[in-house]
Amino acid sequence: DPLRWYMITNSSPWDNLKFDQDGVKEVSRTFFGKLFQTYSFFAMYANVDGFDPEAALIDINERPEIDRWILSELNTLVKNVAADFEDYEPTRAGRKIEAFVIDNLSNWYVRLNRNRFWAGTMDADKLSAYQTLYACLLTVSKLMAPIAPFYADRLYKDLTAGCQAADSVHLAEFPKVD
């Protein structure tokens, strides 16, 4: 019997699955905590300044180098996460999203650009910072949707409230590399 032979000679795909309660707590504290802090920072200042996510985009070439850097990192993330999902590697994809949010977006981009968000008037530099952070958060919500569907949908809905967008992150198009 071929099925019996397969079962004896090969381990079950379920043998390698592990659930770690401490791991769940750690991811909740680190990844989801940093993502929430980053979104909260964005939302607080965007609401104060009346940021319009549907305003005309500032050309990428006219944005400061740090904006171009994080958008380049974001596009690399999109490429790598899409490849991981194609290879049925959601854990690897999740780790890449986590590293981007914690290391690049929160610890570098937001930290180095706080003064731009705190600037008095909505000039081109401040608008560029808002548009860049908005693009990163929106893209992250779409990338994480297959592995954190409820959190991703809440983030997406909060970001797109009042905008011409899909009703759910799960109805939005998956990001494409630029």
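What is the ratio of the Cα radius of gyration of segment 38-144 to 2.2 N^0.38 Å, with N the residue count, to two decimals? Please list the in-between numbers first.
Numbers: Rg = 14.3 Å, N = 107, 2.2 N^0.38 = 13.0 Å.
So the Cα radius of gyration is 1.10 times the expected 2.2 N^0.38 Å.
Of the listed residues ASP67, ASP49, ASP153, the order by accessible area with a 1.4 Å probe, largest first, is ASP49, ASP153, ASP67. Rolling a 1.4 angstrom probe over the protein heavy atoms with all chains in place gives segment 46-97 an accessible area of 63 Å² per residue.
Net charge near VAL27, counting Lys/Arg +1 and Asp/Glu -1 over other residues with Cβ under 11 Å of its Cβ? Can you show the working numbers first?
Working: positive: LYS25, ARG29, LYS34, ARG95; negative: ASP20, ASP22, GLU26, GLU98.
Result for the neighbourhood of VAL27: 0.
The figure for GLU89 is an accessible area of roughly 70 square angstrom, using a 1.4 Å probe on the protein chains alone. Calculation over all alpha carbon pairs of segment 100-144 in 5 angstrom steps from 0 returns a P(r) of 5, 22, 28, 24, 13, 6, 1 percent. Helix 65-86 and the long axis of the chain differ in direction by around 20°, with both axes built from C-alpha atoms.
Note on exposure: PHE174, PHE31, PHE85 ranked by accessible area (1.4 Å probe, complete protein assembly) read PHE174, PHE85, PHE31, with the most exposed listed first. Among the protein heavy atoms, those of LYS25 account for about 120 Å² of accessible surface (1.4 Å probe, every chain in place). Projecting label points 7 angstrom from Cα along Cα→Cβ for ASP52 and ALA83 puts them 4.0 nm apart.
Each residue was assigned an accessible area with a 1.4 Å probe, and for ARG111 the value is about 130 Å². Around LEU112, with a cut-off of 12 angstrom between Cβ atoms, what is the net charge of the other residues, counting Lys and Arg +1 and Asp and Glu -1? Once positives and negatives cancel, what remains is +1. Full extension of the segment from MET44 to ARG154, taken as 0.36 nm per residue of separation minus the current Cα-Cα distance, would add 37.9 nm. Going by accessible surface with a 1.4 Å probe and the largest first, ARG116, ARG68 read ARG68, ARG116.
Think of each Lys and Arg Cβ as +1 and each Asp and Glu Cβ as -1; about the Cα centre, that makes the dipole of the chain roughly 440 debye.
Using a Gaussian network model of the chain with C-alpha springs under 10 Å, which one of TYR130, TYR45, TYR109 is most mobile by mean-square fluctuation? Largest GNM mean-square fluctuation: TYR45. Only DSSP H runs of four or more residues enter the estimate; each adds -39500 (n - 2.57), and after division by the residues of the chain the mean residue ellipticity at 222 nm equals -18500 deg cm²/dmol.
The values are calculated or read from the model by the stated rules, or taken from the named source; none is laboratory data. Predicted model only: the values in this text are computed from it and were never measured. Cβ coordinates were reconstructed from backbone atoms using ideal geometry, including for glycine residues, and neighbour counts include every protein chain displayed. Areas reflect the complete protein model, heavy atoms only, side chains present, ligands, DNA and RNA absent. Shrake-Rupley method; radii C 1.70, N 1.55, O 1.52, S 1.80 Å.
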